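Comments concern the structure below.
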Amino acid sequence: MLRLRNKDTVSRRVKILPPESRLFTIYRASGGKPADTGTKVAPGMCIEFTVQFTPEAKIDYSYDLIVVTEREKFVIPVRCLGSRAMLSFPDEIHFGQCPVKYPTSKPVMIRNVGEKASKWVL
């Protein structure tokens, strides 16, 4: 959901240029009309757009939406993150009583529950 508010003192026309990527679809939240048709927004009011993303793979995507008003044109960056590595690591490791100046070790199970490979150092 993308919400734009008119902070001017007069009504302004706003529209979002249609994305060049077929992965992104944008339409107005009320009525489902295309975002590129433009609409006037009263002072202090806001308009909502729905940004629909249909990825083809579990990778990172980025796109810049271009919003055009009567006074200006600005860019809204959209970043979609694909799958990541997720390490399952215990919150606490208890060593109990350890002698001073004596190395102590304890085996700990670390699992990657994500979908990508990972390297780690402790």
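The values are calculated or read from the model by the stated rules, or taken from the named source; none is laboratory data. Note that the structure is predicted; figures quoted are calculated from it, not measured. Virtual Cβ from ideal backbone geometry, glycine too; neighbours counted across all protein chains shown. Accessible surface is based on the protein model in full, side chains and every heavy atom, while ligands, DNA and RNA are left aside. Shrake-Rupley method; radii C 1.70, N 1.55, O 1.52, S 1.80 Å.
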message: Give me the net charge for the shell around residue 8: Cβ to Cβ below 15 angstrom, other residues only, Lys and Arg +1, Asp and Glu -1.
response: +4
- request: Taking the Cβ of residue 17 as the centre, find all other residues whose Cβ is under 13 Å away and add up their charges (Lys, Arg: +1; Asp, Glu: -1).
  value: -1
query: Given a cut-off of under 8 Å on Cα pairs at least six residues apart, what relative contact order in percent is computed for the chain?
result: 22
Identified option (computed mean projected area of the Cα convex hull in nm²; candidates (i) 13.4; (ii) 6.8; (iii) 7.9): (i)
query: Alpha carbon centre of the range 99-122 versus the range 1-76: separation in Å?
result: 46
query: Pairs of lysine in the chain with Cα under 18 Å and at least 8 positions apart or on different chains: total?
result: 8
- request: Quote the accessible area belonging to residue 46 in square angstrom, nearest 10, computed with a 1.4 Å probe and with ligands, DNA and RNA left uncounted.
  value: 60
message: Net charge around residue 36, counting only other residues with Cβ within less than 14 Å of its Cβ (Lys, Arg = +1; Asp, Glu = -1)?
response: +4
- prompt: What dipole magnitude, in Debye to the nearest 20, does the chain give about its Cα centre under +1 on Lys/Arg Cβ and -1 on Asp/Glu Cβ?
  reply: 160
For the range 83-122: relative contact order, % (alpha-carbon pairs under 8 angstrom, 6 or more apart): 62
